[in-house]
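Let me begin by presenting the structure, written as structure tokens, before commenting on it.
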Amino acid sequence: MTLENQIQAYLGIPDAHLKTIEDLFEHTLLPKGENYTTTGSFHANLSFIKSGYLRVYETKDDKEITQWISSPGEFITDLGTLVFDAPARRNIQAITDCELYTISRENYRRIGGLIPEWPELEKRFLAKCFMILEDRVFNFISMSSEERYEQLFAYKRELFNQVPLQYIASMLGMTPETLSRIRKKSIS
């Protein structure tokens, strides 16, 4: 999916303003292992992932806990930093080499002066982000480990060939051993 298609899908923006927003994004590369942002930083960009995978994680008691793995066709940011100028709450790191289209906080804030309908469009964008998060939280607390695995496998099958399994296990709230057991059982 292209940047233009994703902007349209998330915002439902009129075609007349699509190019205005798209021109504020810059093509960037993030090598494997590099951080997009780190906990406590004020790095506030919003990026569309053209290729590659980024994981959102934090460290607790010397253990890394993966919250999410973002894939091509998705947006990535620390929303609190982008919108509220708060320090980043989590680390975001490239798991693979990544090709991104990135808009800086400054350019993101310029959109309101360029597009009069922006307050309503931004509200839709943030509401869509919130709905995705709500679904993830609800599924996490209402599904068994096996159901979470099956849903992720159906939704993001490519992750299982691109991303270390310990990150997927952590994101699913299970140990790598449990993930391995569930995978073997589903193959049988």
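For T96, the requirement of being of a type in the set (S, T, Y) and not in a helix (DSSP H, G or I) is met. From the list I182, I103, the lone residue that is within 19 Å of the chain's Cα centre (by Cα) and either touching a residue at least 12 places away in the same chain (Cβ under 8 Å) or part of a strand (DSSP E or B) (or both) is I103.
Strands (runs of 3 or more DSSP E) fully within the stretch 1-56 that include at least 1 residues being aromatic (F, W, Y) and within 23 Å of T81 (Cα to Cα): 35-37, 45-51.
Scanning the stretch 114-142 for residues that are of a type in the set (D, E, K, R) and under 22 Å from W68 (Cβ atoms) yields E122, R124, K128, E134, D135, R136. Put simply, of T81, T28, T59, T66 the only residue that is surrounded by 14 or more Cβ atoms within 10 Å (Cβ to Cβ), in the same structural domain as R124 (by TED's automatic domain parsing), within 26 Å of M174 (Cα to Cα) and of a type in the set (S, T, N, Q) is T66. Within the stretch 71-93, the residues that satisfy the criterion of being under 13 Å from the mean Cα position of the chain (by Cα), assigned to a loop (DSSP other than H, G, I, E, B) and under 12 Å from H43 (Cα atoms) are T77, D78, R90. For the stretch 7-36, taking the residues that are of a type outside the set (A, V, I, L, M, F, W, C) and in contact with a helix residue (DSSP H, G or I) (Cβ under 7 Å, 6 or more places away or on another chain), the one that is nearest to F125 (Cα to Cα) is identified as Y10. Answer yes if at least one residue in the stretch 154-164 is outside the structural domain of G12 (by TED's automatic domain parsing) and of a type in the set (S, T, Y), and no otherwise. Yes, the stretch 154-164 contains a residue that is outside the structural domain of G12 (by TED's automatic domain parsing) and of a type in the set (S, T, Y). Consider D97 carefully, then state whether it is in contact with a Leu (Cβ under 8 Å, 6 or more places away or on another chain) and surrounded by fewer than 20 Cβ atoms within 10 Å (Cβ to Cβ). It is true that D97 is in contact with a Leu (Cβ under 8 Å, 6 or more places away or on another chain) and surrounded by fewer than 20 Cβ atoms within 10 Å (Cβ to Cβ). Screening the candidates Y57, Y101 for the property of being modelled with pLDDT of 95 or more and out of contact with any helix residue (DSSP H, G or I) (no Cβ under 6 Å at 6 or more places or on another chain) yields one hit, Y57.
In the stretch 1-25, the residue that is nearest to T96 (Cα to Cα) out of those that are crowded, with 20+ Cβ neighbours inside 10 Å and under 16 Å from the mean Cα position of the chain (by Cα) is L3.
In the set (1) among the small types (G, A, S); (2) in contact (Cβ under 8 Å) with a residue 24 or more places away in the chain; (3) more than 20 Å from Q67 (Cβ to Cβ), S145 fails one condition alone, (3). For the stretch 31-56, filtered to residues that are small (G, A, S) and surrounded by 13 or more Cβ atoms within 10 Å (Cβ to Cβ), the residue that is farthest from G173 (Cα to Cα) is A44. Flag set for L126, criterion: at pLDDT below 95 and more than 12 Å from the chain's Cα centre (by Cα).
The values are calculated or read from the model by the stated rules, or taken from the named source; none is laboratory data. Keep in mind that what you see is a predicted model, and the values were worked out from it rather than measured. FYI the Cβ positions are ideal-geometry reconstructions off the backbone, even for glycines, and counts take in every protein chain you see.
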